[in-house]
Each structure stands twice: as structure tokens, then as C-alpha cells.
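Single-structure report; data block below.
The values are calculated or read from the model by the stated rules, or taken from the named source; none is laboratory data. All figures in this text were calculated on a predicted structure; none of them were measured in a lab. Because the Cβ atoms are built from the backbone with ideal geometry, glycine has one as well, and the counts that use them run over all protein chains shown. Quick note on the areas: whole protein, heavy atoms, side chains included, nothing else; ligands and nucleic acids left out. Shrake-Rupley method; radii C 1.70, N 1.55, O 1.52, S 1.80 Å.
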Amino acid sequence: MRTQSQLLGSRTRVKPRYALLPLEGIPFSRLPEWPQAEARVLAAPALGARFVEYLIDLKAGQGGSHEPDGQIEFFLYLIEGELALSLDGRRTALHAGGYALIPPDRGFEARCGVPTSLLLLRKRYEAAPGIPLYAPLIGEQAKVKGEIYAGDPGALLQVLIPDELSYDLAMNIFTFQTGHSLPVTETHVMEHGLYFLAGKGVYFLDESWMEVEASDFIWMGPFCPQSYYATGPAPSRYIYYKNMNREIPV
Ligand code: UGY
Ligand code: MN
């Protein structure tokens, strides 16, 4: 929140093919499945996205739960704090960088002991003939090797979900050293929900370059031209969603 002596100019942009949403402009909401949490809706069908992404802030002792409905899958990533996640009768302690992918046939419960922030993505699972549903997946970012991206050691990609047909989505983390960039301007059918974890840079979206920094969210719709340069002084990092591995409906 700005003081009364500050100006109201904003980097926020909402366009048909993309949105740049600095966090300061997004109000809190309550959610039935996370009743005491302060939730911010980062992406929703109302924006044009075919998924929902929340930033959820929890105070110590707060949490959430979900009953399976056979249709919606969840990806959860801890930005800070710690979360006890109960799934399939087993409890796992997630710390910053911890994540879980929960298929549509499973429910879960989550509770934190310290103030905690997490990203939560909800998406309609896309079944494909002959492809079995995956099992729940729990992991830690620190244990996922950063692979050199397109031959540039200044751009490392961590793939949090195996690139296999049973998964209809990818969640990846990019880390760029200052001055490094994506190798091309991409244009692809997949959408992105991208949250900046650290640093700053300039993002190309559709027809314009714009400054971005930690805690910004970007939605990129299908075929939105996109590229990125990391500026400085520290490395920048973002986590992003991408729908993958399915036929494109006609
Ligand atoms: O995987 C991707 O499509 C990724 N290279 N896009 C991006 O970072 N905007
Ligand atoms: Mn992309």
C-alpha cells in the first residue's frame, strides 16, 4: 500500500493475450477451502486463463483442505514458511521450495506452524485415451538439478514435474544470471502462469518490453510472443506453469 504522498502510476497491464500484475494491486479474498487465509487471485478464467492460480498467505496454525472431485488437479509450491501436508494418510513437512502435485482423485489437508506463503494452481485435468492418471508427487526444488538451457550456463532450468505423458502440465523454475536471457522470442500454444521469485528484469509480452521484479505475476495466453532479459544486480528467478502433453482440441 502506498502512502498518501505517493503517486498511483502502475506497471499493471491487462491485455487480451497477457497480463502483468504487480502484487500491490491485488486485494485479498477468503476461500472456502482455506477459510482463514488471505488469498490473492493471480489468474482466473475471467482474465482469459484456462487455470486458476492463487497466492495464499497463512498465519501460524492456519491451513486448508480439499475433497477430491475427480476433475481438478492441484499444484502447490511453498514460497516461505512450512506446511504439514496430509495426503493418502501420510504427512509430509514442506519447507520453502517444497512442492506437491495432487491428482484429481485425491484430497488433502494442509496446516502451517509458522507464517507461510504458497502458490496454489488449480487446473481441470485433461485425460487422454490410454494414458493412466499419475500418482501424487511431492518434491523439493533444492533436489532438482538445474539444467543448462539452450547452451547458456547463465540460464538454468529446473523441471519440477517429470516430462512424461501422464502429466498434462509442467511447472519449471528458471534462474538467470544478470545479463542473460531467453534465447529467442517464443510463440507457443501453451499458456503460462509465471510468478517472479527473485531479482528483476525486462519481459517482452506481445509487442512491448516491460520491467518486472520479484513478486510480480504474469499470465501469458496462447501464442503470446514472449521473451526475457535478466537485469541486475542479483540473479533473477521465476516459477511458471505450462499446459503440456495433450492433443489440441479442434
Ligand atoms: O518453457 C517455456 O515455454 C519457457 N521457456 N517460457 C518462458 O520462460 N516464458
Ligand atoms: Mn514460454
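What to note about this one:
- So Asp216, is it within 15 Å of ligand 2 (Cβ to nearest atom) and touching a residue at least 12 places away in the same chain (Cβ under 8 Å): no
- Among the residues of the range 219-236, the ones that are away from ligand 2 (no atom under 11 Å from the Cβ), open to solvent by less than 50 Å² (accessible area, probe 1.4 Å) and within 16 Å of Val184 (Cβ to Cβ) come to 1 in all.
- Condition met for Ser227 (in contact with a Ser or Thr (Cβ under 8 Å, 6 or more places away or on another chain), among the small types (Gly, Ala, Ser), in contact (Cβ under 8 Å) with a residue 12 or more places away in the chain and more than 10 Å from ligand 1 (Cβ to nearest atom)): no
- Candidates in the range 185-198 are the residues that are surrounded by fewer than 17 Cβ atoms within 10 Å (Cβ to Cβ) and more than 9 Å from ligand 1 (Cβ to nearest atom); of these, the one that is nearest to Pro249 (Cα to Cα) is Val189.
- Residue within the range 73-81 that is touching a Pro at 6+ places or on another chain (Cβ under 7 Å), open to solvent by 60 Å² or more (accessible area, probe 1.4 Å) and of a type in the set (Asp, Glu) present: no
- When the range 150-175 is filtered for residues that are in a strand (DSSP E or B), open to solvent by 50 Å² or more (accessible area, probe 1.4 Å) and more than 30 Å from Pro132 (Cα to Cα), the ones remaining, listed by number, are Pro153, Leu156.
- All positions within the range 199-218 that are open to solvent by 10 Å² or more (accessible area, probe 1.4 Å) and touching a Ser or Thr at 6+ places or on another chain (Cβ under 9 Å): Gly199, Lys200, Val202, Phe204, Trp209, Glu211, Glu213, Ala214
- Residue check: Ile239 meets all listed conditions (1) away from ligand 2 (no atom under 16 Å from the Cβ); (2) closer than 20 Å to Ala142 by Cα; (3) surrounded by 15 or more Cβ atoms within 10 Å (Cβ to Cβ) but one, namely (1).
- Qualifying residue in the range 130-139 (condition: aromatic (Phe, Trp, Tyr) and part of a strand (DSSP E or B)): no
- Whenever a residue of the range 91-118 is without any contact (Cβ under 8 Å) to a residue 40 or more places away in the chain and among the charged types (D, E, K, R), its partners that are assigned to a strand (DSSP E or B) and open to solvent by less than 60 Å² (accessible area, probe 1.4 Å), lying with C-beta atoms within less than 8 angstrom and at least six residues away or across chains, give the pairs Arg91/Ala84; Arg91/Leu85; Arg106/Leu87.
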